[in-house]
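What follows is a single structure, written as structure tokens, with notes after it.
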């Protein structure tokens, strides 16, 4: 083979190598970033809500309001980078986040492992409206009012006494049991709201020889006892309180039975009421 022919072939081979390298680089640039390289951006679009992180101080305030303990099962819907779930797990609770974005799920698992709570904090990819929340004792959320409204029926079907805490946004028609605004360096997203899921007591009850009628609107109660109006009626989970005239009734709702104490003008006595319908 002549030197000139050899040089031409080497030049052609070099051109092919450079071309192939360029093609590989172009293909790599077109591929989405690896999950390990994913960094969420504030305001990035999601399926039902954009991602805006809750300030760490408010996360802790929300969990304080919900009185999260190791006995709790905490769920966050649209869990983002996992901060609510991880903070709950740090308190010893079992916690799970439901997130539609698979890269956020991977990031959350990585964050939980780095925080040393990967055994108590878990994350699943899914639609928050389809998620089974029936076992939750605490819901820790940062969702829009429209999201909260759509989820409201599922919230009300949680076990009485379950707590729902939210960053800033409320649940239409349902007055929070508590509202707290954190002070100091917080400049945005500084208000936490708490709801305690009430027992369902609306309808007729038999109390001794009398008829007790409750009209229930979330945790608020009105109605009558043998035709006398009820005042200051309220539920806090399964705990009930109402006043008839100068007599105060306080008790615990257990399904179709209410048991408690009656106070007014003399020694306290016990009472029991049974549901009629």
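Annotations for the structure displayed:
- Note on the chain: antiparallel DSSP beta bridges, both residues inside, total approximately 75 percent of the bridges counted.
- Order of 209, 226 under a 10 Å beta carbon neighbour criterion, fewest first: 209, 226
- Cα shape, segment 203-275, gyration tensor, a/c 1.5 rule: rounded
- Additional length obtainable on full extension of the chain from residue 127 to residue 37, 0.36 nm per residue less Cα span: 30.0 nm
- Helix 145-156 and the longest principal axis of the Cα set of the chain meet at an angle near 50°.
- Pairwise FRET efficiency - residue 178 versus residue 217, Cβ, R0 = 25 Å, nearest 0.05: 0.90
- From the alpha carbon centroid of segment 33-82 to that of segment 211-246 is 37 Å.
- Applying 0.36 nm per residue to the separation of residue 241 and residue 268 and subtracting their alpha-carbon distance, the gain on full extension is 8.3 nm.
- With Cα atoms, 0 to 90° folded angle of helix 56-66 axis to the chain main axis: 30 degrees
- In percent, rounded to a whole number, the relative contact order of the chain is 11, using alpha-carbon pairs under 8 Å and six or more apart.
- The calculated FRET efficiency for residue 115 paired with residue 276, based on their beta-carbon distance and R0 = 51 Å, is about 0.50.
- Ranked 244, 262, 74, criterion: other C-beta atoms within 10 Å, fewest first: 262, 244, 74
- Using a Förster distance of 25 Å, the FRET efficiency for residue 188-residue 67 (Cβ separation, nearest 0.05): 0.45
- Folded to 0 to 90 degrees: helix 3-30 orientation relative to the chain principal axis, Cα: 10 degrees
- Per residue of the chain, the DSSP helices (runs of n ≥ 4 H) give a summed -39500 (n - 2.57) that works out to -8500 deg cm²/dmol at 222 nm.
- Among 270, 79, 162, the order by Cβ neighbours within 10 angstrom, fewest to most, reads 270, 162, 79.
No value in this document is a laboratory result; all are computed from the given coordinates. No experiment lies behind these values; they were computed from the predicted model shown. When we count neighbours, we look across all protein chains shown, and the Cβ atoms used for this are built from the backbone with ideal geometry, even at glycine.
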